[in-house]
1. On the given criteria, is Val19 closer than 30 Å to Thr135 by Cα, out of contact with any Gly (no Cβ under 7 Å at 6 or more places or on another chain) and surrounded by fewer than 17 Cβ atoms within 10 Å (Cβ to Cβ)?
2. Restricting attention to region 283-310, which residues are without any contact (Cβ under 8 Å) to a residue 60 or more places away in the chain and either among the small types (Gly, Ala, Ser) or not assigned by TED's automatic domain parsing to the domain that holds Val348 (or both)?
3. When the residues of region 326-341 are narrowed to those that are of a type in the set (A, V, I, L, M, F, W, C) and under 16 Å from Val286 (Cβ atoms), which ends up farthest from the chain's Cα centre (by Cα)?
4. Which numbered condition trips up Glu307, out of (1) in a loop (DSSP other than H, G, I, E, B); (2) within 28 Å of Asp97 (Cβ to Cβ); (3) among the charged types (D, E, K, R)?
5. Need a quick list: strands (runs of 3 or more DSSP E) entirely within region 134-201 having at least 1 residues that are out of contact with any strand residue (DSSP E or B) (no Cβ under 9 Å at 6 or more places or on another chain) and surrounded by 21 or more Cβ atoms within 10 Å (Cβ to Cβ).
6. Looking at region 85-97, is at least one residue more than 29 Å from Ala219 (Cα to Cα), more than 17 Å from the chain's Cα centre (by Cα), of a type outside the set (Ser, Thr, Tyr) and crowded, with 21+ Cβ neighbours inside 10 Å?
7. Whether any residue in region 213-220 is surrounded by fewer than 24 Cβ atoms within 10 Å (Cβ to Cβ) and free of Cβ contacts under 8 Å to residues at least 24 places away in the same chain is what I want to check.
8. Kindly indicate which of Met111, Met144, Met198 is at pLDDT 95 or above and in contact with a His (Cβ under 9 Å, 6 or more places away or on another chain).
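The values are calculated or read from the model by the stated rules, or taken from the named source; none is laboratory data. Please read all numbers here as calculations on a predicted model, not as lab measurements. Glycine gets a Cβ as well: all are built from the backbone with ideal geometry, and neighbour counts include every protein chain shown.
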Amino acid sequence: MLKKTPLHAAHLAANAKMVDFGGWEMPLNYGSQLEEHHLVRRGAGMFDVSHMTVVDLHGERVRAFLSELLANDVAKLKVSGKALYSCMLTEQGGVIDDLIVYFQDEQFFRMVVNAATRDKDLDWLARHATRFGVTLTERRDLAMIAVQGPDARRLVAGLFGAETRARVEKLGKFVGAEAEGLFVARTGYTGEDGFEIMVPETRAIEFWNQLLAVGVKPAGLGARDTLRLEAGMNLYGQDMDETVSPFEAALAWTVALEPATRHFIGRDALVRQKSAGVPREMIGIVLDDKGVMRHGQKVLTPAGDGEVLSGTFSPTLGKSIALARVPVGAGEALQVDIRGKAVPVRRVKFPFVRDGKPQPGI
């Protein structure tokens, strides 16, 4: 039986098209995926992301625990509420999952991991937590709503009293804070500004309806995927997995090899890979002609074949875009095999879209 979020009844009431997403019954769209995409780029839309797993980590050595488990360095987190994006790695340097961790205090960090990787993530965390005396608490009592778009912050802040509203409006990027019983974080997965808000499950539908009342409309998984791809954001299981290192997934910026004295799981493998040279890299490609690039299609290059990882039609650009993994040295003369036909594509830098506008050269 599929799992349901606390907002399931609200989705049915809005006539959402429901689909199986990693064992959860989730809304694909509420009518028009295209309209939902544009809504987020031009105004504000909200997503039910309650299928994500929130884990609270407590203990006197919780910072040391995360320093060993994460490729990014939690020493960067010094102010309460500050967040960090990172990967957890295998000893071989492959990505177990990508996640966000929030510093609350020296004995309390909060982590948000992907829904599809919940079981293995919790297993991995529990396997190492004992050595550090860290307690893991999965927060099943929390729902999560992402409100994204250029109008998102203003509309969300307006739901709070004057004092809280001022704090929410001033919240910095990648920072979370308690706000009248909610945890509001200025993070997201769309390339737009906005918040991801943790809500007690008993208040989830009430808060969803408050957002509806101020003009925030719901958007489904379909729009979330086209938005995140335009923003050049990885999807775990499609753009990276345990066979791929952060260096091969355009996530080198999330790896902190300094200070050299910090040991983290996977570090030695990454150091070796960096020294030897990374064999593959993730790039952006654009198809200017008709057609849509899709996951699994072959990318033909002078240096050997690569593969389309995530591909879609970009509503903002009006053409197909994709993330692809190709051999290093593939150059610019690239083609994608679409139903047996080699179609020329352009190599570009991603993100494809920033702040709702096409990047130069796209």
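1. Numbers: closer than 30 Å to Thr135 by Cα: no; out of contact with any Gly (no Cβ under 7 Å at 6 or more places or on another chain): yes; surrounded by fewer than 17 Cβ atoms within 10 Å (Cβ to Cβ): yes.
When the stated conditions are applied, Val19 does not pass them.
2. Step one: list which residues in region 283-310 are without any contact (Cβ under 8 Å) to a residue 60 or more places away in the chain, which gives 287-308.
Passing the criteria: Gly291, Gly296, Ala303, Gly304, Gly306.
3. Taking region 326-341 first, the residues of a type in the set (A, V, I, L, M, F, W, C) are 326, 328, 330, 333-334, 336, 338.
Okay, now just the ones that are also under 16 Å from Val286 (Cβ atoms), so 326, 330, 333-334, 336, 338.
Values: Val326: 22, Ala330: 27, Ala333: 30, Leu334: 28, Val336: 26, Ile338: 28 Å.
This residue is Ala333.
4. So the condition that Glu307 fails would be (1).
5. Details: elements: 135-138, 142-148, 176-179, 182-185, 194-200.
Correct list: empty, since no element meets the threshold.
6. Within region 85-97, one or more residues are more than 29 Å from Ala219 (Cα to Cα), more than 17 Å from the chain's Cα centre (by Cα), of a type outside the set (Ser, Thr, Tyr) and crowded, with 21+ Cβ neighbours inside 10 Å.
7. Here is the first cut: in region 213-220, the residues surrounded by fewer than 24 Cβ atoms within 10 Å (Cβ to Cβ) are 213-215, 217.
Still in the list and also free of Cβ contacts under 8 Å to residues at least 24 places away in the same chain: 213.
Yes, region 213-220 contains a residue that is surrounded by fewer than 24 Cβ atoms within 10 Å (Cβ to Cβ) and free of Cβ contacts under 8 Å to residues at least 24 places away in the same chain.
8. Working: Met111 fails: in contact with a His (Cβ under 9 Å, 6 or more places away or on another chain); Met198 fails: in contact with a His (Cβ under 9 Å, 6 or more places away or on another chain).
Residue meeting the stated conditions: Met144.
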